[in-house]
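The values are calculated or read from the model by the stated rules, or taken from the named source; none is laboratory data. Everything numeric here is computed off the predicted structure, so don't read it as measured data. Methodologically, a virtual Cβ is constructed for each residue, glycine included, from the backbone with ideal geometry; neighbour enumeration extends over all protein chains shown.
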Number of protein chains: 2
Amino acid sequence: MRALGVLTWRIMSDTTATRGSYAKTADRRRDILDAAFEVFAESGYTNGSLRTVADRVGLSQAGILFHFKSKTGLLQAVLDLRDERSREYFATVTSPGIEALRGFLEVVRMNCEEPGMIELYAILAAEGTAEEHPAHEYFRGRYDWIGAQARQSFIVMREEGTLRPGVEPGHAARSMMAIVDGLQLQWLYGRTKFDLVADVRTHLQSLVTVAL
Amino acid sequence: MRALGVLTWRIMSDTTATRGSYAKTADRRRDILDAAFEVFAESGYTNGSLRTVADRVGLSQAGILFHFKSKTGLLQAVLDLRDERSREYFATVTSPGIEALRGFLEVVRMNCEEPGMIELYAILAAEGTAEEHPAHEYFRGRYDWIGAQARQSFIVMREEGTLRPGVEPGHAARSMMAIVDGLQLQWLYGRTKFDLVADVRTHLQSLVTVAL
DNA sequence: TTGAAAACTAACCACCCCTTCAGTTTCCGT
DNA sequence: ACGGAAACTGAAGGGGTGGTTAGTTTTCAA
C-alpha cells in the first residue's frame with residue numbers, strides 16, 4: 001500500500017514534475033525585473049550589481065539568483081520583457097511603408113515617456129559593442145531587424161513615389177536609427193532641452209514627401 | 001658655513017624645486033596613455049582596469065599610478081590628449097559657416113581612420129551619462145561646445161541664404177551630432193558595412209544648398 | 001494539520017579592483 | 001664615481017563582485 005503510494009508519486013513526479021510556483025512568485029519576479037531594469041539603466045550591466053538590485057526589491061542577493069539563475073540570465077529576462085511590448089505593437093500595426101514609419105515614431109514617443117528605457121538602451125548598446133558582452137547578440141539582432149524593416153519601408157515608398165527623390169533606402173534606414181540613438185544620448189546629458197520626438201519627425205520628414 | 005649651505009639649499013628648493021623628470025619619462029607617459037586609450041576604448045572606464053593597462057605597457061600596476069596619480073587622472077589625461085588634435089585643428093581652420101561644416105566632416109574622416117577613437121567616444125559617452133562619472137563634465141562640455149559651434153554655423157548660413165529653407169539651426173546642429181554618434185554605434189556592431197563619412201555628408205547635404 | 005517543496009537567508013568562496021607604502025633599482029647632475 | 005632624486009616593484013589593505021551551499025522559513029496541497 002505504502003510502497004504503491006510512493007511508486008505512484010514517483011510516476012507522477014516524472015510526468016507532472018515539481019509542483020509549481022507559489023501564488024505571489026510571479027509578482028516577485030516582476031518586482032525583480034523592474035528593479036533590475038532600473039539598476040541596469042543607471043549603471044549598465046557590468047557596473048550594476050546584483051546586490052543593489054536585491055536591496056531595491058528587499059531581498060538578499062542569493063534570493064534573486066533563486067529566481068534568475070545568473071546575472072546574465074537576469075539581463076536576458078529584462079531585455080525580453082522590454083522587447084515584448086514594442087515587438088507586439090509592431091506585429092499588429094505594421095506593413096512596410098509610411099505606416100511603419102509612423103509606428104516607429106510612435107514607439108519613440110512611448111519610450112520617451114519612460115525615460116529609463118532610453119537610459120537602458122543607450123548604456124547597454126554602447127557596452128554591448130564588445131563581442132563577449134551578454135547583450136551583444138541582442139543588439140546586433142535588433143539593429144539588423146529594425147534596419148531591414150525600415151529599409152523595406154523606404155523601398156516600398158520609393159515604388160509608390162512617396163520617397164523624396166535622390167534618397168537611398170539603405171542610407172535612410174541607417175540615418176533613421178542613428179538620429180534616434182544620437183538624440184537620446186544628447187537628451188541624457190540634458191543640458192539642451194528639446195523635443196526628441198519632434199526632432200526625429202523632422203528628420204524623417206526630410207526623407208519622404210508625404211506628411212507624417 | 002654648513003648651516004648657511006643648508007639655508008641656501010632650502011631657498012633654492014623653494015624656487016627651482018625638484019630636479020625634473022628623466023629623459024625617457026615623456027615616452028613612458030605616452031606609452032601609458034596609448035595603452036590606456038586602447039583599454040578604455042575596449043572596456044570603458046569603469047570596466048577597464050589599471051592592471052591590463054599596466055600589463056600592456058610592461059609595468060606594474062603601481063608603476064602607472066606613479067605617473068598618473070589616480071585612475072580618473074589617467075582618464076583625464078587620455079581625453080585631454082585626444083582632444084588636443086581636433087581642437088587645434090578647429091582653431092586654425094574654422095570660422096562659422098560652410099567651412100566649419102567641411103572641417104567637421106574632416107574630423108569625422110580622421111576619426112574613422114583610427115577606429116579606437118570611435119570606440120572610446122561611443123563607450124565613454126554612454127557611460128558618462130551618469131552624473132558622478134569622471135567623464136560626465138567632459139562630455140557635457142563637449143556637446144555644448146560642438147553644438148553651439150554648429151548652430152552658429154547654420155545661423156550664419158541662413159543669413160547667407162545657403163541654409164535649406166525651413167531648416168531650424170538648432171535642430172540642424174543636434175541632428176548633425178546625433179547622426180555621427182548613431183552611425184558610429186551601428187558601425188561598431190559592424191554587421192552592415194557602409195561608408196560612415198559618406199552617410200554623414202549625405203545628411204549634412206540635406207540641410208544646406210551648397211555642395212560640401 | 002502535516003509534511004514536502006518552494007522561497008529565501010547568512011555565510012562563505014575565489015576573484016578582481018584601486019590605492020598606499022616601504023623598499024629597491026635606475027638614472028643623471030655634479 | 002658618488003649621492004640623491006626619480007622610477008619602479010611587491011605586498012598588503014579595504015572593498016566589491018557573482019556564484020554556491022547548507023540551513024531556515026513560508027507556502028500550500030492533501
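Which residues, taken from the stretch A:169-212, are out of contact with any helix residue (DSSP H, G or I) (no Cβ under 7 Å at 6 or more places or on another chain) and either surrounded by 15 or more Cβ atoms within 10 Å (Cβ to Cβ) or not assigned by TED's automatic domain parsing to the domain that holds A:Pro115 (or both)? Outline the logic, then answer.
Start the filter on the stretch A:169-212 by keeping residues that are out of contact with any helix residue (DSSP H, G or I) (no Cβ under 7 Å at 6 or more places or on another chain), which leaves A:190, A:193, A:195, A:198, A:205-206, A:209, A:211.
Result: A:Gln205, A:Ser206.
So which of B:Leu65, B:Leu75, B:Leu81 ends up being in a helix (DSSP H, G or I), surrounded by 14 or more Cβ atoms within 10 Å (Cβ to Cβ) and in contact with a Phe, Trp or Tyr (Cβ under 6 Å, 6 or more places away or on another chain)? Before you say what the answer is, go through the steps one by one.
On the way: B:Leu65 fails: in contact with a Phe, Trp or Tyr (Cβ under 6 Å, 6 or more places away or on another chain); B:Leu81 fails: in contact with a Phe, Trp or Tyr (Cβ under 6 Å, 6 or more places away or on another chain).
After applying the criteria, what remains is B:Leu75.
So which residues in the stretch B:180-195 are more than 24 Å from B:Gly103 (Cα to Cα) and not polar (S, T, N, Q)?
Across the stretch B:180-195, the qualifying residues are B:Tyr189, B:Gly190, B:Arg191, B:Lys193.
Considering only the stretch A:97-119, I want to know if a residue exists there that is of a type in the set (A, V, I, L, M, F, W, C) and at the interface with chain B (Cβ under 10 Å from one of its Cβ atoms).
Filtering the stretch A:97-119 for residues of a type in the set (A, V, I, L, M, F, W, C) gives A:98, A:100-101, A:104-105, A:107-108, A:110, A:112, A:117-118.
Filter once more, keeping what is at the interface with chain B (Cβ under 10 Å from one of its Cβ atoms): A:118.
Scanning the stretch A:97-119 turns up at least one residue that is of a type in the set (A, V, I, L, M, F, W, C) and at the interface with chain B (Cβ under 10 Å from one of its Cβ atoms).
Going residue by residue through the stretch B:127-134, is there one that turns out to be part of a helix (DSSP H, G or I), buried (at least 18 other Cβ atoms within 10 Å of the Cβ) and charged (D, E, K, R)?
So far as the stretch B:127-134 goes, yes, one or more of its residues are part of a helix (DSSP H, G or I), buried (at least 18 other Cβ atoms within 10 Å of the Cβ) and charged (D, E, K, R).
Step by step: first the residues of the stretch A:21-62, then only those that are near DNA strand D (Cβ under 7 Å from one of its atoms) and within 14 Å of chain B (Cβ to nearest Cβ), then the one that is surrounded by the most Cβ atoms within 10 Å (Cβ to Cβ). Which residue is that?
Per the criteria, the residue is A:Gly48.
Identify all residues within the stretch B:63-90 that are under 15 Å from B:Phe139 (Cα atoms) and within 11 Å of DNA strand D (Cβ to nearest atom); write none if there are none.
Passing the criteria: none in range.
Every residue in the stretch A:60-102 that is at pLDDT below 95 and within 16 Å of DNA strand C (Cβ to nearest atom), please.
none
In this structure, is B:Ala178 within 8 Å of chain A (Cβ to nearest Cβ) and farther than 21 Å from A:Leu207 by Cα?
Against the criterion (within 8 Å of chain A (Cβ to nearest Cβ) and farther than 21 Å from A:Leu207 by Cα), B:Ala178 does not qualify.
With respect to B:Phe154, is the statement that it is more than 12 Å from chain A (Cβ to nearest Cβ), at pLDDT 95 or above and buried (at least 17 other Cβ atoms within 10 Å of the Cβ) true?
yes
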